[in-house]
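**Student:** Have a look at this one.
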Amino acid sequence: MTAPVVRFAPSPTGRIHIGNARTALFNWLFAKKHGGRFVLRFDDTDLERSRREYADGIETDLNWLGVEPDMIVRQSERFALYDDAMERLRAQGRIYACYETQEELDRKRKRLAARGLPPVYDRAGLNLTQDERDQLEASGRKPHWRFQLERTIVEWDDLSRGPSRIDCASLSDPVMAREDGTYLYTLPSVVDDVALGVTHIIRGEDHVTNTAVQLQLFAALAPDAAPPTFAHHNLLASASGEGLSKRTGSLSLASLRDAGMEAMAVASIAVLTGSSDSVQPFASLDELAAVVDISHVSHHAARFDEAELAMLSARTLHLLPFEAVRERLAAFEIVGHNAEAFWLAVRPNLTKLSDAQDWRRVVEGEITPVIEDEEMLRAAAALLPEEPWDAGTWRAWTDAVKAQTGRKGKALFHPLRLALTGLDKGPELAALLPLIGRVRALARLPAAG
Ligand code: GLU
């Protein structure tokens, strides 16, 4: 395959949720796997609802996931291209003016429904004479503009859904531009896909019908080029089966991040839910890219379970190498030459990364030792080896304590853990002891006796 170009095209009318992340990641992972490019395209032609702060927030959310666009375009800066395309379609006789109000269109749809017919626009605008149009305009009506579909069957080989076909006779001619001259989503999307050389359009299955329309637009605007390949994935729904919405902020990436979920866990669950590959933790997007395949998504709704995410997030943390968390640990002031050893020691005991701060207090801070079997602990204090300490120190020390006191198993280890950490559970003491160090360990044990 020649290097693909993909795009993720959110409208910046809110922050993105995990369902949007699914689309973004399918694109990003596809580009990664095939050495391609990823374009972030803001579909912000709706100037009233789109906001720059949402676009900036979406960039932040994508970066958090590890998605770094090769290019960012904003449709609000590209109106000249859309005007030009509109002119070309007009010249081909594919654009016509319509004057119905929203209520008139609703009434038409209701009449068709009453007769059991599909709500397909009757092309009344196409049949208006110049006189009728002049009269409508003289009465103050302004036209909106539709694209005249060819009433053919459009077919494509969907990378996710397989061979697909839509009879365009069952579709209304789509509106390209509103009364005020602003564009709806359909035309700018195709114009940009052509202009940016997009080779693969990977998006949610709510766009399947658009594909038939857009393929006709590709044929009209770029007749000599092969149209992009399409893949439509199933949509994520909440555990209770509801759709996700940008507007309500439910399951937004920002809220998942604030709740302490690991980005790699969010990424894995976003793309593996509702596919034939099992949801499992991955330490990097490269590893995830090797597994994810758009053709593995199922044709059923993909239910996303927040409780599963929390568990996956913990399991993901347990895999992450120090490098992957170095900066975030530094933000907790967990730095210095022991930071990596500390990370490897505490990692298996974390549910969230922020829990590392609790373990840091256990290692370096003031704790209240719990003294159980004081006699044994006094002996242990006396036997504490001199530094330097390493991963073998714990074993050598506890062997010596065992030999001298006759304690073994739980009777040996439990009191030592309670004294050294103040807790009855935690990371391996073999790893913690060198981090606690001799001075603190001695202070936590009763005086040698
Ligand atoms: N702005 C559209 C959306 O968010 C993009 C659809 C597409 O990928 O073509 O649904």
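The values are calculated or read from the model by the stated rules, or taken from the named source; none is laboratory data. Predicted, not measured: the structure shown is a model, and the values here were computed from it. Please note: Cβ atoms are built from the backbone with ideal geometry, for glycine as well, and neighbour counts cover all protein chains shown.
**Student:** If you take the residues of the range 198-213 that are surrounded by fewer than 19 Cβ atoms within 10 Å (Cβ to Cβ) and near the ligand (Cβ under 8 Å from one of its atoms), which of them is farthest from Pro174 (Cα to Cα)?
**Tutor:** Gly204
**Student:** While we're looking at this one, here's another question. Can you pull out the residues in the range 43-55 that are surrounded by fewer than 12 Cβ atoms within 10 Å (Cβ to Cβ) and at pLDDT 95 or above?
**Tutor:** Glu53
One line per residue, one yes/no per condition, for (1) within 16 Å of the ligand (Cβ to nearest atom); (2) free of Cβ contacts under 8 Å to residues at least 40 places away in the same chain; (3) among the β-branched types (Val, Ile, Thr); (4) crowded, with 21+ Cβ neighbours inside 10 Å:
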residue	(1), (2), (3), (4)
Leu215	yes, no, no, no
Ala254	no, no, no, no
Pro281	no, yes, no, yes
Asp286	no, no, no, no
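**Student:** Could you run through the range 411-449 and say how many residues are aromatic (Phe, Trp, Tyr) and in contact with a helix residue (DSSP H, G or I) (Cβ under 6 Å, 6 or more places away or on another chain)?
**Tutor:** Residues that pass the stated criteria total 0.
**Student:** Something else about it: When you scan the range 1-78 for strands (runs of 3 or more DSSP E) that lie fully inside it, which ones turn up with 2 or more residues that are within 12 Å of the ligand (Cβ to nearest atom)?
**Tutor:** Per the criteria, 5-8, 37-42.
**Student:** Here is a further query. All but one of (1) out of contact with any Cys (no Cβ under 7 Å at 6 or more places or on another chain); (2) touching a residue at least 40 places away in the same chain (Cβ under 8 Å); (3) more than 16 Å from the ligand (Cβ to nearest atom) hold for Gly181, so report the exception by its number.
**Tutor:** Single failed check for Gly181: (2).
**Student:** So the check is Cβ under 8 Å with 6+ separation or different chains; which pairs have a first residue in the range 422-441 that's in contact (Cβ under 8 Å) with a residue 40 or more places away in the chain and a second one that's part of a loop (DSSP other than H, G, I, E, B) and among the small types (Gly, Ala, Ser)?
**Tutor:** Cβ pairs passing all conditions: Ala431/Ala391; Leu432/Gly426; Pro434/Ala391.
**Student:** Next up: Pairs, please: C-beta under 9 Å, at least 6 apart or cross-chain, first residue more than 14 Å from Gly14 (Cβ to Cβ) and in the range 48-68, second modelled with pLDDT of 95 or more and of a type in the set (Asp, Glu)?
**Tutor:** Leu62/Glu68; Val67/Asp61
**Student:** Kindly provide the set of residues from the range 343-356 that are polar (S, T, N, Q) and surrounded by 15 or more Cβ atoms within 10 Å (Cβ to Cβ), ordered by number.
**Tutor:** Asn349 - this is the single residue of the range 343-356 that is polar (S, T, N, Q) and surrounded by 15 or more Cβ atoms within 10 Å (Cβ to Cβ).
**Student:** For the list (1) aliphatic (A, V, I, L, M); (2) in a helix (DSSP H, G or I); (3) under 20 Å from Arg440 (Cβ atoms), I need the number of the one condition that Leu412 fails.
**Tutor:** Only one criterion is unmet by Leu412, namely (3).
**Student:** Taking Val194, is it at pLDDT 95 or above, surrounded by fewer than 20 Cβ atoms within 10 Å (Cβ to Cβ) and more than 12 Å from the ligand (Cβ to nearest atom)?
**Tutor:** yes
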